[in-house]
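Shown next, in structure tokens, is the structure this report addresses.
The values are calculated or read from the model by the stated rules, or taken from the named source; none is laboratory data. Since we're looking at a predicted model, the values are computed, not measured. Counting neighbours? That spans all protein chains shown, and the Cβs are built from the backbone with ideal geometry, glycine included. We work out accessible area using only protein heavy atoms, side chains counted, and drop any ligands, DNA or RNA first. Shrake-Rupley method; radii C 1.70, N 1.55, O 1.52, S 1.80 Å.
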Amino acid sequence: MPTSLRRLPGRLDAPGPGWTTRADVVVVGSGIAGLTAALRLRGHVDSILVVTKDVLAAGSTQWAQGGIAAALGPGDTPHEHEVDTLVAGAGACDAEAVRVLVNEGPDAVRELIALGTNFDHTADGELSLTREGGHHRDRIAHAGGDATGAEIQRALIAAIEAAPDIEVIQHALAVDLLLGRPAGSPDDPAAPLGVAGLTLHVIGEGERDGVGAVHCRAVVLASGGLGQVFSQTTNPAVATGDGMALALRAGATLRDLEFVQFHPTVMYLGPDSRGQQPLISEAVRGEGAFLVDFEGTRFMQGVHELADLAPRDVVAKAIMKRMLETGQPHMWLDARHLGAEFWERRFPTILATARSHGVDPVTQLIPVAPACHYASGGVRTDLVGRTDVPGLYATGEVACSGVHGANRLASNSLLEGLVFSRRIAEVLPGELGPWREPVADERHPGLVDGEVRRELQEVMTSRVGVLRSASGLVEAAAVLDKLAGRAAGAAGQAAWEATNLVTISAALADAAALREETRGSHWREDFPERDDATWAGHFDVRMADGATTVTFVPSPATDRGAGIGAVGAEEPA
């Protein structure tokens with residue numbers, strides 16, 4: 001099977017810890033996945049510490065507009081949700097993980113409601129449900145019209161603040177895991193290395209400032225995605241792939257990194273716009289908006305049975321194809337017919353954002369183009385969030401549970417974080433082993449100059465973005481190798497983030513180069529067809545002291561079989 005080899009820093013170069021603390025479990029991240037894990041673990045372990053890179057509300061959950069998907073409506077079933085998820089995932093989903101998601105999802109959402117989340121309701125008091133791309137039923141629960149993530153985040157933070165036994169450290173970057181062996185056998189090379197703690201860099205005042213060490217018995221990674229790898233993304237600034245890179249350096253496996261979802265309708269702000277871009281939720285199309293080109297043609301007609309509500313990979317590819325054919329930098333979303341009253345009630349946040357950028361969706365077309373939105377791959381886990389490293393669990397976007405496959409179904413992301421964090425909390429207390437004694441860290445340290453970020457983002461966007469080719473991926477690999485060799489003059493957050501970005505970008509580009517087919521969100525210009533005979537399976541990335549290898553693990557396609565029906569139409573003609 002094909003393999004790729006690359007050398008990167010084996011650990012981040014950082015000052016020695018200037019302070020220490022202890023907790024049974026450390027949760028890294030404060031979105032729906034991290035806070036759900038912390039709340040569900042409460043009362044089952046002695047001490048919980050939540051660390052977050054910014055403030056509690058700064059992660060991706062806060063920005064989720066559309067909602068959370070679950071089979072809660074009349075006539076809907078988990079099986080129908082399962083079929084839609086498997087079809088969107090283009091054969092690369094873990095079927096058992098999908099069954100877990102859709103069957104446990106409804107109760108998980110009801111628990112979120114019981115926690116105090118105020119979802120929207122109809123005039124007769126029923127949960128208001130809408131439809132998004134790839135769904136054949138109205139099953140998206142939403143809050144505040146288009147502020148679902150913000151409402152979920154509010155309810156979870158309120159619950160955390162009401163739990164004084166959960167400690168929180170904000171403005172804390174997770175640097176690296178501390179690895180160790182059980183205290184009784186710290187020098188036994190046969191004893192497997194596992195989590196003994198992690199190092200943090202805290203921007204604070206008083207005794208916890210700078211680099212410190214947290215000794216713990218388990219770590220739950222819920223640190224989000226990698227959107228800042230690209231020049232334009234819907235992800236917040238904190239999404240620099242830190243959790244994925246940390247796990248990779250510690251010996252965990254990263255899976256399916258090449259499957260980066262590019263949301264089709266991100267507001268186009270011009271060729272020089274960088275960083276976090278405004279998302280125009282798929283729910284807008286679910287309520288009747290449609291795509292048109294510069295001639296006013298509805299070009300999604302005939303591309304897919306669901307037209308403008310096709311899975312995201314289909315719509316993103318169709319937009320890019322029309323952009324390439326016409327030489328235009330974007331397409332248009334037409335939602336004028338929805339009317340002012342509807343816009344103000346259903347999508348107040350999007351309306352205000354668009355107007356702040358000089359576009360009034362009530363009277364004008366919205367310029368849209370695909371941009372990085374979600375990492376379908378991540379740290380490989382089993383069905384209860386375990387990774388390859390004893391004591392390390394992962395959940396949410398940082399993880400690859402297998403539910404998303406090659407393309408995430410709309411509004412399954414919040415649900416995944418909710419369901420799999422609950423599953424981690426069910427098993428972790430019974431699996432807490434003895435405290436491990438940290439061993440000497442013999443991984444070679446290194447740091448990449450923080451100034452490489454702009455060049456990295458530009459090559460990743462132009463060569464490893466929506467449309468990929470062998471020549472572009474070779475060029476990207478050469479640039480990434482060059483950037484990896486630009487050493488930082490001093491340790492600091494810019495250099496730590498840049499090193500993580502280079503590490504994840506290199507792994508992503510290597511996997512994308514090896515997958516010589518088009519599947520889901522991975523679009524190869526030089527291999528435009530899906531090829532199950534050769535490429536049904538997963539690319540796994542491993543690292544040993546900075547040396548990464550990428551290997552292919554065959555696995556049967558999961559979107560073909562009884563109950564799925566005729567699939568394969570998910571690729572545009």
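Brief remarks follow.
- Residues in region 26-62 that are under 21 Å from Thr199 (Cα atoms) and in contact with a Lys or Arg (Cβ under 7 Å, 6 or more places away or on another chain): Ile48 alone.
- Scope region 409-464; condition touching a helix residue (DSSP H, G or I) at 6+ places or on another chain (Cβ under 7 Å), under 30 Å from Leu72 (Cα atoms) and not in a helix (DSSP H, G or I); matching residues: Leu409, Ala410, Asn412
- Among (1) open to solvent by 10 Å² or more (accessible area, probe 1.4 Å); (2) at negative phi; (3) not hydrophobic (A, V, I, L, M, F, W, C) - the single one Gly275 does not satisfy: (2)
- Taken over region 239-286, residues that are within 27 Å of Asp13 (Cβ to Cβ), in contact with a Leu (Cβ under 7 Å, 6 or more places away or on another chain) and assigned to a strand (DSSP E or B) amount to 1.
- Test: residue in region 485-508 that is without any contact (Cβ under 8 Å) to a residue 40 or more places away in the chain and either closer than 30 Å to Leu112 by Cα or acidic (Asp, Glu) (or both): no
- Scope region 210-236; condition open to solvent by 10 Å² or more (accessible area, probe 1.4 Å), in a strand (DSSP E or B) and not small (Gly, Ala, Ser); matching residues: Val211, His215, Arg217, Gln232
- Matching option when the condition is modelled with pLDDT under 95 and buried (at least 20 other Cβ atoms within 10 Å of the Cβ), among Ala57, Ala108, Ala64: Ala64
- Among (1) aliphatic (A, V, I, L, M); (2) in contact with a Leu (Cβ under 7 Å, 6 or more places away or on another chain); (3) assigned to a loop (DSSP other than H, G, I, E, B) - the single one Val55 does not satisfy: (2)
- The set of residues in region 420-442 being more than 12 Å from Ala37 (Cα to Cα) and open to solvent by less than 30 Å² (accessible area, probe 1.4 Å) consists of Gly433 alone.
- Residue ID - nearest to Leu179 (Cα to Cα), chosen from residues in region 529-547 that are modelled with pLDDT under 95 and under 25 Å from the mean Cα position of the chain (by Cα): Ala544
- Residue that is closer than 30 Å to Arg208 by Cα and of a type in the set (Val, Ile, Thr), where the choices are Val83, Val87, Val55: Val55
- A Cβ distance below 6 Å, combined with a sequence gap of six or more or placement on separate chains, defines the contacts here; from region 284-297, residues that are without any contact (Cβ under 8 Å) to a residue 40 or more places away in the chain and closer than 17 Å to Tyr268 by Cβ reach residues that are assigned to a loop (DSSP other than H, G, I, E, B) and open to solvent by 30 Å² or more (accessible area, probe 1.4 Å) in the pairs Phe294/Gln328.
- Single residue of Val303, Val315 found to be part of a helix (DSSP H, G or I), in contact (Cβ under 8 Å) with a residue 40 or more places away in the chain and either touching a Pro at 6+ places or on another chain (Cβ under 6 Å) or open to solvent by less than 50 Å² (accessible area, probe 1.4 Å) (or both): Val315
- Residue in region 166-173 that is polar (S, T, N, Q), touching a residue at least 24 places away in the same chain (Cβ under 8 Å) and part of a loop (DSSP other than H, G, I, E, B) present: yes
- Residue in region 145-167 that is surrounded by fewer than 17 Cβ atoms within 10 Å (Cβ to Cβ) and on the phi > 0 side of the Ramachandran plot present: no
- Qualifying residue in region 182-205 (condition: under 30 Å from Phe347 (Cβ atoms) and open to solvent by less than 10 Å² (accessible area, probe 1.4 Å)): no
- Within region 404-431, the set of residues being under 30 Å from Pro182 (Cβ atoms) and either at pLDDT below 95 or aromatic (Phe, Trp, Tyr) (or both) comprises just one member, Phe420.
- Of the helices (runs of 4 or more DSSP H) entirely within region 76-161, those holding at least 2 residues that are without any contact (Cβ under 8 Å) to a residue 40 or more places away in the chain and of a type in the set (Val, Ile, Thr) occupy 95-115.
- Search result, residues across region 367-407 that are out of contact with any Ser or Thr (no Cβ under 9 Å at 6 or more places or on another chain), part of a loop (DSSP other than H, G, I, E, B) and under 17 Å from Leu508 (Cβ atoms): Gly377
- When region 36-68 is limited to residues that are of a type in the set (A, V, I, L, M) and under 16 Å from the mean Cα position of the chain (by Cα), the one that is farthest from Asn407 (Cα to Cα) turns out to be Ala58.
- For region 321-342, a residue qualifies if it is under 19 Å from Ala354 (Cβ atoms) and either of a type in the set (Ser, Thr, Tyr) or outside any helix (DSSP H, G or I) (or both), and the qualifying residues are Pro329, His330, Met331, Trp332, Leu333, Asp334, Ala335, Gly339.
- Of all residues assigned to region 488-509, none qualifies as being open to solvent by 50 Å² or more (accessible area, probe 1.4 Å) and within 24 Å of Lys321 (Cβ to Cβ).
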